[in-house]
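The values are calculated or read from the model by the stated rules, or taken from the named source; none is laboratory data. If you're wondering where the values come from, they're calculated on a predicted model, not measured in any experiment. Positions of Cβ are generated from backbone atoms using ideal geometry, with glycine treated the same way; all protein chains shown enter the neighbour counts. When the accessible area is computed, the model is the full protein with side chains, heavy atoms only, and any ligands, DNA or RNA have been set aside. Shrake-Rupley method; radii C 1.70, N 1.55, O 1.52, S 1.80 Å.
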Amino acid sequence: MRLKRLLPATIRGQITLIIVMALLVVGIVGRALEQWAGDAAPDIEEIATRVDMVAELLKTASPGARETILASSRAAGWRFSLEPVSVSESFTGPPELDGVLIVIIDSIFPTDNTPPPPVGGWRTFWRGERVIAAKVDSATLLILSGFPDTILNSAVVNEAPYYSVAILVLIAFFFLFAIRVITEPIKRISEAATHSDIANSAEIFEERGPTEIVALAHALNVMRSRIQLMVGTRTRMLRGISHDLRTPLTRLRLRAERMEEGPVREGLLSDIIRIDGLLNEVLKYLRDDYASEPIQRADVASLLQTTCAEFADVGYQVRFEGPNRMIIDCKPLAIMRAVTNLCDNSVKFATEVIVSLQEYKTGCEIAVTDNGPGIPEHLRTQVFEPFFKGDDARGQGQEGFGLGLSIVADIVHAHHGALSLTSNAPNGLVFKIFIPGPVG
């Protein structure tokens with residue numbers, strides 16, 4: 001908690017803090033690596049400079065003095081030897097791979113004060129060993145051997161540790177920053193939006209984190225509240241209109257029933273019954289009691305058996321296939337209403353309907369299969385929309401606003417489940433509802 005309080009509240013401030021921390025780490029770790037690299041990889045350019053200095057001393061020295069200088073150098077750990085100039089003809093260059101690396105390193109880390117290259121170049125090999133050669137005079141070469149074979153130059157030793165640490169530190173810091181500060185809050189907001197329910201009045205977007213994320217979550221909560229208020233206002237208006245129409249409709253029915261028998265009376269009563277059915281459908285849709293129903297443990301197999309028995313009692317061929325008992329966490333009345341709407345939709349067009357139940361590791365699946373005329377494939381994604389009525393074999397001559405399947409979709413969404421519609425060979429449809437959660 002104390003660490004969180006010390007962090008800046010804004011993303012901009014946290015990025016600035018990351019850069020400052022990265023610079024501090026680069027300065028400390030880079031300096032340590034520079035010292036280590038200097039010990040592990042001697043500076044070849046400095047060695048070449050010393051070889052040139054020894055060659056200059058030998059140039060003016062007498063033969064006896066030359067032997068003394070070479071003996072002193074060997075005693076100090078420098079393996080010097082004097083060779084004829086002709087041995088330079090047997091010098092070889094570096095392997096092909098090393099030559100490519102040298103070109104790359106020189107292009108990335110150019111040196112500012114490079115001394116003249118030794119005889120044969122910076123990467124010279126003689127008798128299988130790397131050497132550095134310098135001319136003493138026109139007939140003599142001073143050759144140094146016995147030093148580490150490395151392609152590093154002074155620029156690499158001095159600058160590469162800082163570059164490497166800077167890149168690694170910035171990548172690591174910004175990676176952690178992106179996960180903690182940006183990715184996780186956005187993922188949290190995305191999941192909340194996916195599983196949000198407009199009927200739930202609680203704030204679903206958690207307002208915590210940097211100032212920008214808190215502002216985004218607050219704006220989404222405010223927007224959701226406005227949408228909820230707008231939907232609630234329109235729902236109440238439609239409920240009021242539907243209820244208010246019931247009174248004059250009842251009076252019309254009473255007056256029509258007092259009329260003499262005849263085609264006019266039958267036509268009026270038929271229209272009144274039709275309007276009454278439409279009003280009932282709208283009121284059922286607007287009631288949305290499934291939204292406020294709590295989640296509880298229920299025997300979904302028993303619910304489906306009861307629903308099938310109710311349809312069978314009035315003469316429809318509706319039967320249940322599945323286990324006798326399956327306990328899941330769900331909204332029982334909402335599940336019964338969804339399956340009832342699917343069965344009601346199927347019995348209008350089919351002669352046989354099968355309600356099946358199957359258990360999976362991640363939940364259970366309810367399938368309602370019929371042998372009706374089916375729905376064209378291009379309309380199957382639209383049948384779950386409110387007030388959609390397809391002009392096909394399953395919609396001809398049927399009354400209603402097309403709200404039954406929309407209610408099913410809302411109920412499945414309230415369970416965070418999945419709803420699909422496929423063909424049933426050789427004819428008919430299969431409605432599948434998947435309810436996630438543990439099965440008892």
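A few comments on the model shown:
- Segment 342-371, residues that are within 13 Å of Val318 (Cα to Cα), open to solvent by less than 40 Å² (accessible area, probe 1.4 Å) and not aliphatic (A, V, I, L, M): Cys343, Asn345, Ser346, Ser356, Thr369, Asp370
Each row is one residue, and each column tells you yes or no for (1) at pLDDT below 90; (2) surrounded by 15 or more Cβ atoms within 10 Å (Cβ to Cβ); (3) part of a helix (DSSP H, G or I); (4) hydrophobic (A, V, I, L, M, F, W, C).
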| position | (1), (2), (3), (4) |
| --- | --- |
| Ile273 | yes, no, yes, yes |
| Asn280 | yes, no, yes, no |
| Tyr285 | yes, yes, yes, no |
| Ser292 | yes, no, no, no |
| Arg297 | no, no, no, no |
| Thr306 | no, no, yes, no |
| Ala309 | no, no, yes, yes |
| Tyr316 | no, yes, no, no |
| Ile328 | no, yes, no, yes |
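- Sole exception among (1) at pLDDT 70 or above; (2) open to solvent by less than 60 Å² (accessible area, probe 1.4 Å) for Ala166, by number: (1)
- Leading residue by the ranking (least open to solvent (accessible area, probe 1.4 Å)) among those in segment 122-147 that are within 17 Å of Ala55 (Cα to Cα) and not in a strand (DSSP E or B): Ala139
- In segment 363-377, the residues that are closer than 23 Å to Gly437 by Cβ reach residues that are assigned to a loop (DSSP other than H, G, I, E, B) and open to solvent by 10 Å² or more (accessible area, probe 1.4 Å) with C-beta atoms within less than 7 angstrom, at least six apart or across chains, in these pairs: Gly363/Gly437.
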